[in-house]
1. Could you give the size of the charge dipole of the protein assembly as shown about its Cα centre, using +1 on the Cβ of each K and R and -1 on the Cβ of each D and E, expressed in debye and rounded to the nearest 20?
2. Which whole number gives the average count of other chain Cβ atoms within 10 Å of the Cβ atoms across peptide B:87-94?
3. Report the Rg/Rh value for the range A:55-103, based on alpha-carbon coordinates and the Kirkwood definition of Rh.
4. Past 28 Å, Cα to Cα, is the threshold; run A:Lys1/B:Lys57; B:Lys57/B:Lys95; B:Lys22/B:Lys107; A:Lys57/B:Lys57 against it and keep the listed order.
5. Sort the following peptides by mean Cβ neighbour count (other Cβ atoms within 10 Å, averaged over residues), highest first: A:17-23, B:12-18.
6. Assign unit charges at the C-beta atoms only (+1 for Lys and Arg, -1 for Asp and Glu), then state the dipole size of chain B relative to its Cα centre in Debye, rounded to the nearest 20.
7. For B:Gln2 paired with B:Ile56, estimate the spin-label separation in nm (one decimal), with each label point 7 Å from Cα along the Cα-to-Cβ line.
8. Under the definition of partner shielding as Cβ atoms of other protein chains within 10 Å of a residue Cβ, what is the mean value for peptide A:67-75?
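Bear in mind that the values in this text are calculations on the coordinates, not laboratory data. Bear in mind that the values here come from a model prediction, so they are computed numbers and not experimental data. Cβ atoms come from the backbone with ideal geometry, glycine included; neighbour counts cover every protein chain shown.
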Amino acid sequence: KAGVTQTPRYLIKTRGQQVTLSCSPISGHRSVSWYQQTPGQGLQFLFEYFSETQRNKGNFPGRFSGRQFSNSRSEMNVSTLELGDSALYLCASTRTYGNEQFFGPGTRLTVL
Amino acid sequence: AQRVTQPEKLLSVFKGAPVELKCNYSYSGSPELFWYVQYSRQRLQLLLRHISRESIKGFTADLNKGETSFHLKKPFAQEEDSAMYYCALYNQGGKLIFGQGTELSVKP
């Protein structure tokens, strides 16, 4: 099976812009979780989607949002970018049963 | 509050030496714990989960509820074990709580 894929792999934006990141889960996986990874804060949970519904959300401002489509692909959007949003954004997919998460390679976002 | 603590940022050992990467957790309930590994320029990948009690690449980890620990051990380190190791606690709703990670460096 193909692993979790994320596009684009690298992104450079300027403050105030918005960005959309995409994640395709492993075939058959219906849950997608998103994480932000920074050197200072480590890996932090953003939100999780299952069957097109957001089931859980981390402590991030409303500028961070996401959605999931009927084929389980997910997108996350960050509006009004700030310098502090520079990070590696990871998505992970999970089988319907079990809690092991399988991670994508990440999207490296740089905000200038 | 649910929390995962990995007290060592860096652990450096010689090839063939035993390795123990420490992980302590705080969780009000029955915990589900994982170890993830990230090799240089590779994605984060699952190494172990406590419920399976398996050994992967020679690593084992035992859940100690009394000490709220889930330390990762390997009797003889190899150079290819050099990587970042993350301990993670599953919370409800698809959320993993990660420790800050321990960088393992195995010297020849």
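1. Numbers: 26 positive and 16 negative charges, 72 e Å.
For the protein assembly as shown, the charge dipole is close to 340 debye.
2. On the way: counts 0, 2, 0, 4, 3, 4, 10, 17.
Mean inter-chain Cβ contacts per residue within 10 Å come to 5.
3. Values: Rg = 12.8 Å, Rh = 12.8 Å.
Value, to two decimals: 1.00.
4. On the way: A:Lys1/B:Lys57 22 Å; B:Lys57/B:Lys95 26 Å; B:Lys22/B:Lys107 19 Å; A:Lys57/B:Lys57 34 Å.
Going by Cα-Cα distance, A:Lys57/B:Lys57 fall outside the 28 Å limit.
5. On the way: A:17-23: 17.0, B:12-18: 12.6.
Averaged packing, sorted descending, gives the order A:17-23, B:12-18.
6. Working: 14 positive and 10 negative charges, 32 e Å.
It works out to roughly 160 debye.
7. Spacing of the two 7 Å Cα→Cβ label points: 1.9 nm.
8. On the way: counts 0, 0, 0, 0, 0, 0, 0, 0, 0.
Average neighbour count from other chains, rounded to a whole number: 0.
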